[in-house]
Amino acid sequence: MAKTTTFRTNWLPWELNRSSSINIKRLHSLEDRAHQMEIHWLIGTTGNYVDIAKQLDAVHPQGRALVLNRYARPWQNGTMVRRLRQFALPTSYDAVWNDSYRTKDSQYIRTVTFWVYQCEVIAAAHCHSMPQVIGMHRPITKWSDPPYRRLARMAERAAYALGWDTCSVTIQSTSDATVIPIQNDPSSNPRCYALDEPQEGDTVVRAAPVTRRDPEWVWRKYEERIQLDAILLGEERGSEGRQRLDLSFGLDAEFILYDAENRKIIPASRFFDLAGEVGCDAVRINGKVIYPLLELRPQPTDYAVSLVSTTRKLMRAASISLQQGDHDQGSVISCLAGSKPLNRFPIGAHLHVAGKMCTTELIRALDTYLALPCSLLEQKRERSEHRRRAGYGTLGDVRQHPHNGAGGFEYRTLWNFFVDPSLSAELLSVFEIIVRHYWKLPGREAARAPIITAYTEDARQVYKDLAIHRLTELKVFADDKQQLLLSHLTQRLREEWSWREHTDVKNAWIHA
């Protein structure tokens, strides 16, 4: 049975006396049995566990262990605020890291602490005083429902942004979470995530590593979850060694419909239902939910590249409906892809995988090997407010998904690269290779502060060579077809090819 290692605070002398040394003898005794364990939980408040993680990797039979808080670091209040705002998270300028926070304004109607484990919240509670005071929490059981759902999403993204896999995040809110739909009620639509984005009045006020000072019932949640995941991860990695792991891949790609002659965006809801393989997606503006985006949702397939052929069929079906609209309006309706066409609505291609455990190691691999190269192909913008990454498309944007009991996740960082079948096949192949082989991939540079800043500010020359180098590492795991696709993608990056978002993508798909 898979086991977990817990580095408790008193096993790390620097946590007690702030010394820079480690108890090497104690660490060596742990290494003797580390090869039997799937998850190692580094607990403490100072972070900087890179050296310990490397030693644990060195004795793991598959070359890389799942080390919780591998990339953790201590934060000063000011640097923490700046990092969270880099990730487009509303954060109080008075927010604190691992310290007491007292409400300075009585306007807040709720204060909630969420306890994050990797990419999801596993516990939540109302706070009646300083969040770290034992006995001052009232547990919340349904944090996946409004109005807590969007706050839980903020907490998950905050923990990832700070590099801590086990973290408590306290959020205060003045919003009553009311949203005025102009069509169907979005809260009843499982595909509508308009309610998941922060609203005015939501703000992060505190973050802290998980320690024994947290409530006992929270601590038990972590222990139970880590024990369960250690078993599941051991089974998953064992299956990878014996045979090809059964996975299922899906996506939803967003497009904007545009009448160039009359210079106006055409709501997709004028032609399509909300649900279905060809449907529309929501955005929220001033508290109102509207459905301007066309969204293609091909059926899941066993291989990611197979989604290209099904997407082509859906685009042809959508074009038939739009041709009727062309006739009715007397003008041509274009279908625009990219990151933020017309500088209006940010759009993306959200990639799904079922049957795979969502770990922060996997998401950081996707950020490094997929998001960085993909961003080099995005249309460059001079004004920061016109960039999708000013509010969407941040690194590590992921949602857990049940996928009919198979488990898995949705990776939401990427712009909508479904501009033509060729580029789509290239990036989908990269996605599948990473998902299947991420344990063997060494790069996680997207967790480093300079790369995060360069990505956020679209300073792509900072990481261009790195992105190309990391892509070449994937060829070891690629079949012949994937090798060819990787070569084409690498050539695009070297030539600094990028998409022009005013281009109508329908023709490229229909006539391919």
task: Taking only region 493-505 into account, find how many residues are at negative phi and part of a loop (DSSP other than H, G, I, E, B).
output: 9
task: Filter region 308-345 down to residues that are modelled with pLDDT under 95, over 22 Å from ALA275 (Cβ atoms) and part of a helix (DSSP H, G or I), then give me how many there are.
output: 8
query: Among the residues of region 213-231, which ones are of a type outside the set (D, E, K, R) and more than 16 Å from CYS119 (Cα to Cα)?
result: PRO215, TRP217, VAL218, TRP219, GLN227, ILE231
- prompt: Of the residues that make up region 474-481, is at least one among the small types (Gly, Ala, Ser), within 19 Å of VAL353 (Cβ to Cβ) and part of a loop (DSSP other than H, G, I, E, B)?
  reply: yes
- prompt: Given the conditions (1) of a type in the set (Gly, Ala, Ser); (2) surrounded by 15 or more Cβ atoms within 10 Å (Cβ to Cβ); (3) touching a helix residue (DSSP H, G or I) at 6+ places or on another chain (Cβ under 9 Å), and given that ALA512 satisfies all but one, which numbered condition is not satisfied?
  reply: (2)
- request: Restrict the check to region 290-297 and report whether at least one residue is assigned to a helix (DSSP H, G or I), assigned by TED's automatic domain parsing to the domain that holds GLU382 and farther than 24 Å from LYS380 by Cα.
  value: no
field: Residue count for region 90-118, restricted to those that are at pLDDT 85 or above, surrounded by fewer than 22 Cβ atoms within 10 Å (Cβ to Cβ) and outside any strand (DSSP E or B)
entry: 4
message: Being within 25 Å of PRO215 (Cβ to Cβ), of a type in the set (A, V, I, L, M, F, W, C) and surrounded by fewer than 14 Cβ atoms within 10 Å (Cβ to Cβ) is the requirement here; does ILE122 meet it?
response: no
field: Of all residues making up region 456-468, the number that are assigned to a helix (DSSP H, G or I) and either surrounded by 13 or more Cβ atoms within 10 Å (Cβ to Cβ) or of a type in the set (Val, Ile, Thr) (or both)
entry: 7
- prompt: modelled with pLDDT of 75 or more, touching a Leu at 6+ places or on another chain (Cβ under 8 Å) and in a helix (DSSP H, G or I): does that describe ILE226?
  reply: yes
field: GLU501 vs. criteria surrounded by fewer than 15 Cβ atoms within 10 Å (Cβ to Cβ), touching a residue at least 40 places away in the same chain (Cβ under 8 Å), assigned by TED's automatic domain parsing to the domain that holds GLU426 and of a type outside the set (S, T, N, Q)
entry: no
query: Of all residues in region 39-72 being of a type in the set (D, E, K, R) and surrounded by fewer than 16 Cβ atoms within 10 Å (Cβ to Cβ), which is nearest to ASP367 (Cα to Cα)?
result: LYS54
field: region 264-307 - residue that is modelled with pLDDT of 90 or more and of a type in the set (Lys, Arg) and, of those, surrounded by the fewest Cβ atoms within 10 Å (Cβ to Cβ)
entry: LYS264
- request: Could you check, for region 52-73, whether at least one of its residues is part of a loop (DSSP other than H, G, I, E, B), under 22 Å from TRP439 (Cβ atoms), modelled with pLDDT of 75 or more and small (Gly, Ala, Ser)?
  value: yes
message: Can you report the number of residues in region 204-221 which are out of contact with any Leu (no Cβ under 7 Å at 6 or more places or on another chain) and either under 28 Å from GLN86 (Cα atoms) or part of a loop (DSSP other than H, G, I, E, B) (or both)?
response: 10
field: Unmet criterion (only one of (1) within 29 Å of GLY63 (Cα to Cα); (2) assigned to a loop (DSSP other than H, G, I, E, B)) for THR490
entry: (2)
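The values are calculated or read from the model by the stated rules, or taken from the named source; none is laboratory data. Since this is a predicted model, take the numbers as computed values, not measurements. A quick note on method: Cβ atoms are made from the backbone with ideal geometry, for glycine too, and the neighbour counts reach across all protein chains shown.
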